[in-house]
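Each remark here refers to the structure printed beneath this line.
The values are calculated or read from the model by the stated rules, or taken from the named source; none is laboratory data. Model, not experiment: these values are computed from the prediction. Backbone-built Cβ (ideal geometry, glycine too); neighbour counts: all protein chains shown. Please note that ligands, DNA and RNA were not included when accessible areas were found on the heavy atoms of the full protein model with its side chains. Shrake-Rupley method; radii C 1.70, N 1.55, O 1.52, S 1.80 Å.
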Amino acid sequence: MAKNKNVNYKGPYGYQKLKEREPRACIRFKCALTNTILDVLRQRPGWVEVKDEGEWDFYWCDVRWLQENFDHTYMDEHVRISHFRNHYELTRKNYIVKNLKRFRKQLERDSGKLEAMKCDFFPKTFEMPSEYHLFVEEFRKNPGITWIMKPVARSQGRGIFLFRKLKDVIDWRKDGVRVDDQKDEIPVENYVAQRYIENPYLVGGRKFDLRVYVLVMSYIPLKAWLYRDGFARFSNTRFTLNTIDDHYVHLTNVAVQKTAPDYDPEKGCKWMIQKFRLYLTAKHGAEAVENLFAEMDNIFIKSLQSVQKVIISDKHCFELYGYDILIDQDLKPWLLEVNASPSLTASSQEDYELKTHLLEDTLNIVDMEGRLTGKEKRVGGFDLIWNDGPVSREDGNLDTPMNGFVANTHLGYNNDRKKQLRQLFKSFQTQQKFKHCSREMVGCVCVCFRALELK
């Protein structure tokens, strides 16, 4: 259960070893959202919704609740919540830049430049206004290229603009400067200035990015799962660099695209990632696509490792991240941002099914019911890609490289999750029956010994 802490109570946080979790007949949950996740929680067998101040076992909370209440809430061993306390180290645009730069320098010191180059998947970025002078220096080295300004803590394309002239940034900077009598009232909003990818890979002349889902159950040790499904989000207008003011050309966020005059809500602007992978394979061949997706795997792992030592790895927390990846014409993937609260609102029936299955499998891994052994490499549509080290694929004997290791990633492959879950939980039911029979046998033996003692 979860409830308010006593002021003097020091909760069981940190890195204590988890005890074996017993199956629970009833799970009390709270949910701060009213979209697909609430549907999934309400339909889950044995889960009961708790209102207001009732005690709960599981909370799909929002980040505001986390900031205001986490340190004042006592949690039993089994309780789980849907965010790490300082998740923003990975998901705020300025913090991820800082952490990736620091991690790259560390890799170069410890393992050399070749290993450090594996972190070169983030466009050159400066925090504004604190790194304004560094940005100006870089800007003047490459006159005429396009940059993009993004507020560090906003989402859905709000506050973003593209520019090529320093005057645009100077005007922005002037707008952000406060007069003396406002200094204590209105904080200056931080932005990042990021080099814009001017050669994005296009499909049908349109720009897109990929939304990929990664579930982190622990940072110390790092344990991460990659979902097989995802989607490509397309712009509604053909790509051109002739105009940089048209958000329908340059921003692929659904929140932006659905406001376009000719947007069709039935068709939407999404492709399932399986369809996208087949399209690329037909155009570029299987080897090139395998290399592309392996580079994306590297992005997921390196970005998580970059914050592994700074994120508080509380055993009560997990996090479902939404990664936004852009691919350029050379089939190089770029990390645009990581979302701590990826949109769970469906834009179509296909999108609803994807997110429903994603959330069901997230709950299967969180495992409030206590059904898993902890040794699983796959649960539904999720594959374990890192468990304090890389995880090898079950079918590693197929197309195995010389070193004999094939990573356990299946992004964009067939997601036969229902079949896999049936097999997984059939095994669990068999184990439970065996335990039940064993208890009955032990009980019978005890009764027999007791009878003999009475004689």
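So if R0 is 35 Å, what FRET efficiency would residue 310 and residue 331 give, r being the distance between their Cβ atoms, rounded to the nearest 0.05?
Working: r = 32 Å, r/R0 = 0.91.
About 0.65, to the nearest 0.05.
The simple spin-label model puts a point 7 Å past each Cα toward its Cβ; for residue 65 and residue 77 those points are separated by 2.5 nm. Beyond 31 Å in Cα-Cα separation lie the following of the pairs 113/141; 30/332; 30/124; 167/270: 30/332; 30/124; 167/270.
When N is the residue count of the stretch 353-397, what does its C-alpha Rg come to as a fraction of 2.2 N^0.38 Å?
Scaled against compact globular proteins, the figure is 1.26.
Packing order of peptides 107-118, 192-203, highest average first: 192-203, 107-118 (average count of other Cβ atoms within 10 Å over each peptide's residues).
Each label was represented as a point 7 Å from its Cα along the Cα-to-Cβ direction; for residue 298 and residue 48 these points are 5.2 nm apart.
Using per-residue counts of other Cβ atoms within 10 Å, averaged over each peptide, order 323-329, 88-94 from highest down.
Values: 323-329: 18.0, 88-94: 21.7.
Final packing ranking: 88-94, 323-329.
Pull out the extension gain between residue 414 and residue 171, defined as 0.36 nm times the separation in residues minus the alpha carbon to alpha carbon distance; nm, one decimal. Could the numbers behind the result be given before it?
Numbers: separation 243, 0.36 × 243 = 87.48 nm, distance 4.98 nm.
Full extension from residue 414 to residue 171 adds 82.5 nm.
Calculated FRET efficiency, residue 146 to residue 113, Cβ-Cβ distance, R0 = 25 Å: about 0.30 to the nearest 0.05. Sorting 279, 191 by accessible area puts them as 279, 191; the probe is 1.4 Å, largest comes first, and only protein heavy atoms count.
Give me the number: length gained by fully extending residue 239 to residue 372, i.e. 0.36 nm times residue separation minus the C-alpha to C-alpha distance, one decimal in nm. Before the final figure, lay out the partial values.
Working: separation 133, 0.36 × 133 = 47.88 nm, distance 4.70 nm.
Between residue 239 and residue 372, full extension yields an extra 43.2 nm.
Cα centroids of the stretch 29-99 and the stretch 292-359: 18 Å apart.
Full extension of the segment from residue 106 to residue 350, taken as 0.36 nm per residue of separation minus the current Cα-Cα distance, would add 83.6 nm.
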